[in-house]
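Remarks on the structure that follows.
The values are calculated or read from the model by the stated rules, or taken from the named source; none is laboratory data. In this text, all values refer to a predicted model and were calculated from it rather than measured experimentally. Cβ sites come from the backbone with ideal geometry, for glycine too, and all protein chains shown count toward neighbours.
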Amino acid sequence: MEELAQIFKKNIRQYIMLIALAGIWLVFAVSCGPVFVSPGNLSNLFLQTVTVAIVACGMTLVIVTGNIDLSVGSVAGFAGAVAAVLQVRHGWNTPGAVLAALAAGLAVGAWHGFWIAYRKVPAFIVTLASMLAFRGLILGVTGGSTVAPLRGAFKAIGQQYLPDFLAAPHSFNTSALLIALAAIAIFILTETRKRSGRLRHGFLVTSPGLYVLRLTLISAAIAGFFGVLAFNQGVPYSLLLLMAIALLLNFTAENTVFGRRLYAIGGNPDAARLSGINISSNIMGLFVIYGGIVAAAGLVLTSRLNAATTSAGVNMELDAIAACVIGGTSLMGGEGTIIGSIIGALIMSSLDNGMSLLNMDITYQYVIKGLILLSAVWLDISNRNK
Amino acid sequence: MAHILEVAGITKDFPGVRALDGVTFDVVPGEIHALVGENGAGKSTLMKILSGIYPFGTYGGQVLVEGKEVRFPGIKESERAGIAIIHQEFALVKQMSVAENILLGNEVASGGVIDRPASLAAAESALKLVGLNISPEAVTGRLGVGQQQLVEIAKALRKNVRVLILDEPTAALSEEETRNLLSILKGLSAKGVSCIYISHRLGEVMELADRITVLRDGKTVCTERKSAMTEALMITKMVGRELTSVFPEAAHKTGELFFEVSDWTAEDPASGMRVEDINLTLRHGEVLGIAGLVGSGRTELVMSLFGAWGGRQKGSMKLDGAELSIKTPQEAIAAGLGLVSEDRKRYGLVLPGDIKTNVTLASLEKISSSGVLDKNSEIREGEKYIRDLRIKTPSVEQRVVNLSGGNQQKVVLGKWMMTAPKVLILDEPTRGIDVGAKFEIYTLIDRLARAGMGIIVISSELPEVLGLSDRIMVMREGRVSGELDRQSATQEKIMTLAASLG
């Protein structure tokens, strides 16, 4: 029990976040009725979260290095517009259009990296400039009008589900079930390997009871998550994309030299520099990768809408930054986790979803979201000062 | 004559250190009273108490103004009592005009609206008091340091200051500006403004002061009229203490000369600071101490060798016979240099990180393959240095922000030991840490030297430099002012080389 209390105290930030998410769901489950927790609505909620969650994953690392990106909405919209215009007006096929959009994203990332890392212009300004400039370029490439409809294969990115591998009709999706089983197996396997590695070297580990409890709870969460999807239409491709990006970035953050350097740069740039870390090239590398992630989010967004619009992605930067901050990323740099930001994004879209179900006046929706963000940061700061 | 300011039995403690221990000191009207002492003797701490930066209640003892006890809760109250401090780094808003700065916090205004003509007139009359003939509308940041300092003094005079505290006012001034400042201070003293003058430049002190107080280890050693003092006497009183026996006994057996810096000059274009014509050699197993006063260029020298300071560099650096060309810390580390920088919180540690991430930060390639970290070997390395350096911590995953100063410094040392440098440079390695940890660090330095590493130690504590070094290089104003070997070095000789006499 004492160990449990200690672990709770040490990770209070993460637990508060999960409790907040559970609390929000509970409030909506009571006030909206069972429709909020129906597989159909939850599945829809996850889909609504995907675009912002993808961006928030990348944004986390950007904020960890002490930078920020205000241009994601415009750049994601721009990448989507490039893909849409190429396929609709120039007859490109889907892979070509997707690759061109990704290349555009990488190039924009390199542009930002150049100014921020090598010309030392604050990221706030560089990306504020891009927020304006790329909103303009969206108008340029689309000619100011909505570009639609898109190719079937392209639409699949944001709208289609992984097909059921059994052709016969079921009440649930068997592919989702298989993915769930695989995910749980991989999770338990990696955790066990981590633990046995530590044990072999005589490092400190949690007690066996707590370890099993942890495995059970997280496995149950994975099962519940995919269960919801299985009883709806299955696993959307966009969600698979999010999971792939999240796993990759999480691995980068926790297990690579590059990731470690990013955290050090954000935690103390002077100490990082004197420890032989090349700050400019690491920041440059991050922004290039991040540009590709933003373009991927733009593709999902455009595909979901089945159109490139001139206002696509407006306010996305604010949702993404809010998701990171609610998820425990420090704007001072040096601290933040990918999974935290995804939960942060889920909290934000749960609010959107629930308040819409309640038919709440849009006025209050904005006000409540604003207040939630404010109190999340205040909670964080008051916790830190203790 | 009645005292305008008097302090009696002032005691001030910092965690683990007693900075002031029963200091007694007084100032009479119109007097220039010099305060001298080694770095760390407690001069700045005393001045921070007088100017309200350390408020009443954080120290013991009494401060009296005109015979009455005062209890300053902050800077404002001490200014109201007529005490103002001119800091080493000026507290001026560089973007504002001279007049705006002089009147900052004391604006000439009615109903919150600034009266511009009256402001300019007020600023002009304040400038006249310090003999500064510039437009009050000039932008402060464009003035030279000497002029900025006079603006700062004018600002203090505007507040009816009766005691002006100057902390190393001439450190950044040219010869001519120094002359000018000294004559202005004499003029102010003739008008009844008292002045507490803190300086390492003993020549200036002898020229300017009416009385001189020497501080050592947080205690008042003596207060004498100038006629009863000489520069040599001041130095003896400043350093006069016995060497304690915490240092390793014998000198090291030194080996081959393997590190050589010749005609080294580096300049930082932003600050205008430079180190010039440095020649330095180091043998295997040798500890070279670098002594000098704050601002003498010691830190800048080692940072420039490490590729972390200065825009332009000239000169050559040879390690094991090979010429090095180092432009960045990466290149320095790859070449075999390590630098434990001063101010560990600012330059040494990633505070949100834990012990293992900090220890491995400069050697990530040693615990990774193709860019992927081996978490187990990371913990292993962290635990190795916890054991080796006896870092007191519950776990290798403890955040360094929660460690004591001594343990934090050991983490930084561990980081550099892990890079296995050939030359390890330590800049003020024991600043702000307790005696026990200091001793452990001395022992470690000795052990590394005996293992054949070349070590350079910068320290402002003379007993430390004397106790650790096989050879001592003394710097003054960006240059080497002399070199002493272990046998012949004394605190007096070092201070004589470090302070500019005459």
Residue that is in contact with an Asp or Glu (Cβ under 9 Å, 6 or more places away or on another chain), β-branched (Val, Ile, Thr) and within 25 Å of A:Gln233 (Cβ to Cβ), where the choices are A:Val75, A:Val52: A:Val52
Lone qualifier among A:Val75, A:Val98, A:Val62, A:Val55 - being in a helix (DSSP H, G or I), buried (at least 21 other Cβ atoms within 10 Å of the Cβ) and touching a Ser or Thr at 6+ places or on another chain (Cβ under 8 Å): A:Val75
Residue count for the range B:299-331, restricted to those that are surrounded by 15 or more Cβ atoms within 10 Å (Cβ to Cβ), within 12 Å of B:Arg274 (Cβ to Cβ) and either modelled with pLDDT under 90 or of a type in the set (A, V, I, L, M, F, W, C) (or both): 4
Neighbours by Cβ (under 8 Å, 6+ apart or cross-chain): first from the range B:49-78, farther than 24 Å from B:Arg158 by Cα; second β-branched (Val, Ile, Thr) and not in a strand (DSSP E or B): B:Tyr59/B:Ile49
Helices (runs of 4 or more DSSP H) within the range B:15-116 that include 1 or more residues farther than 28 Å from B:Ser459 by Cβ and modelled with pLDDT under 90: B:75-80
Residues that are modelled with pLDDT of 85 or more and surrounded by fewer than 17 Cβ atoms within 10 Å (Cβ to Cβ), drawn from the range B:232-247: B:Leu233
Matching residues in the range A:252-285 - criterion: being of a type outside the set (Gly, Ala, Ser), under 27 Å from A:Lys194 (Cα atoms) and more than 10 Å from chain B (Cβ to nearest Cβ): A:Leu262
Every residue from the range B:407-454 that is of a type in the set (Asp, Glu), part of a loop (DSSP other than H, G, I, E, B) and crowded, with 18+ Cβ neighbours inside 10 Å: B:Glu428
The range B:344-397 - residue that is of a type in the set (Lys, Arg) and assigned to a loop (DSSP other than H, G, I, E, B) and, of those, farthest from the other protein chains (Cβ to nearest Cβ): B:Arg390
Verdict on A:Ile218 being over 30 Å from A:Leu99 (Cβ atoms), assigned to a helix (DSSP H, G or I), β-branched (Val, Ile, Thr) and at pLDDT 95 or above: no
Qualifying residue in the range A:324-336 (condition: within 14 Å of chain B (Cβ to nearest Cβ) and either under 30 Å from A:Ala81 (Cα atoms) or of a type in the set (S, T, N, Q) (or both)): yes
Residues satisfying the stated conditions in the range A:197-246, i.e. within 14 Å of chain B (Cβ to nearest Cβ) and β-branched (Val, Ile, Thr): A:Val205, A:Thr206
Candidates A:Asn67, A:Asn44 - the one that is surrounded by fewer than 22 Cβ atoms within 10 Å (Cβ to Cβ), under 22 Å from the mean Cα position of the chain (by Cα) and not β-branched (Val, Ile, Thr): A:Asn44
Single unsatisfied condition, B:Gly336 versus (1) closer than 30 Å to B:Glu260 by Cα; (2) surrounded by fewer than 23 Cβ atoms within 10 Å (Cβ to Cβ); (3) out of contact with any Leu (no Cβ under 7 Å at 6 or more places or on another chain); (4) more than 8 Å from every other protein chain (Cβ to nearest Cβ): (3)
